[in-house]
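Trainee: Have a look at this one.
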Amino acid sequence: MFSAQATIETVKASRYLKALCNHFNRKVTAEYDDNHGLVQFGFGTCEMVAEAGSLIIRVQSSDGEDFARVKSVVASHLERFSGDEKLPVSWIETC
């Protein structure tokens, strides 16, 4: 299993979590509330936690190519949704 985590500093963590989950829910299964979200892509999963001042994103996949894909999809959407705030995503791979 491949996994990675990113911590993004933003005061709009809950807003971005809900926007991402709502967007992804149009094509895949996404469950969320104000502080926690879980998206199940066919090629991996994404869990998000909104805390005071930061959005924590964890992704997992069982395949290396799919792992790269889930990281790319989540990061590109967050960067697009953040507009002028320009929130880059730096992944730290975990076990």
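The values are calculated or read from the model by the stated rules, or taken from the named source; none is laboratory data. Quick caveat: nothing in here was measured; it's all calculated off a predicted structure. Here the Cβ is made from the backbone with ideal geometry for all residues, glycine too, and neighbour counts use every protein chain on show. Keep in mind that these areas ignore ligands, DNA and RNA; they rest on the heavy atoms of the full protein, side chains included. Shrake-Rupley method; radii C 1.70, N 1.55, O 1.52, S 1.80 Å.
Trainee: Which one is farthest from V73 (Cα to Cα) among residues in the range 24-41 that are open to solvent by less than 30 Å² (accessible area, probe 1.4 Å) and of a type in the set (A, V, I, L, M, F, W, C)?
Mentor: At the first step, the residues of the range 24-41 found to be open to solvent by less than 30 Å² (accessible area, probe 1.4 Å) are 24, 30, 37, 39, 41.
When the remaining residues are screened for being of a type in the set (A, V, I, L, M, F, W, C), the result is 24, 30, 39, 41.
Working: F24: 10, A30: 14, V39: 12, F41: 10 Å.
Filtering first and then ranking leaves A30.
Trainee: Quick one: G44 ticks every box in (1) modelled with pLDDT of 95 or more; (2) surrounded by fewer than 16 Cβ atoms within 10 Å (Cβ to Cβ); (3) not β-branched (V, I, T) bar one, so which box is it?
Mentor: Of (1) modelled with pLDDT of 95 or more; (2) surrounded by fewer than 16 Cβ atoms within 10 Å (Cβ to Cβ); (3) not β-branched (V, I, T), only one is false for G44: (2).
Trainee: With the requirement that a residue be open to solvent by 50 Å² or more (accessible area, probe 1.4 Å) and in contact with a Phe, Trp or Tyr (Cβ under 8 Å, 6 or more places away or on another chain), what does the range 80-93 give you?
Mentor: F81, E93
Trainee: Of everything in the range 15-60, what is within 18 Å of R80 (Cα to Cα) and touching a residue at least 40 places away in the same chain (Cβ under 8 Å)? Give them in sequence order.
Mentor: Y16, A19, L20, H23, F24, S54, L55, I56, I57, listed by residue number.
Trainee: I'd like to verify a number: residues in the range 3-23 that are open to solvent by 10 Å² or more (accessible area, probe 1.4 Å), over 18 Å from V73 (Cβ atoms) and part of a helix (DSSP H, G or I), how many?
Mentor: Count: 2.
Trainee: Yes or no: the range 58-79 includes at least one residue that is open to solvent by 50 Å² or more (accessible area, probe 1.4 Å), closer than 13 Å to A19 by Cβ and assigned to a helix (DSSP H, G or I).
Mentor: Yes, there is a match, as at least one residue in the range 58-79 is open to solvent by 50 Å² or more (accessible area, probe 1.4 Å), closer than 13 Å to A19 by Cβ and assigned to a helix (DSSP H, G or I).
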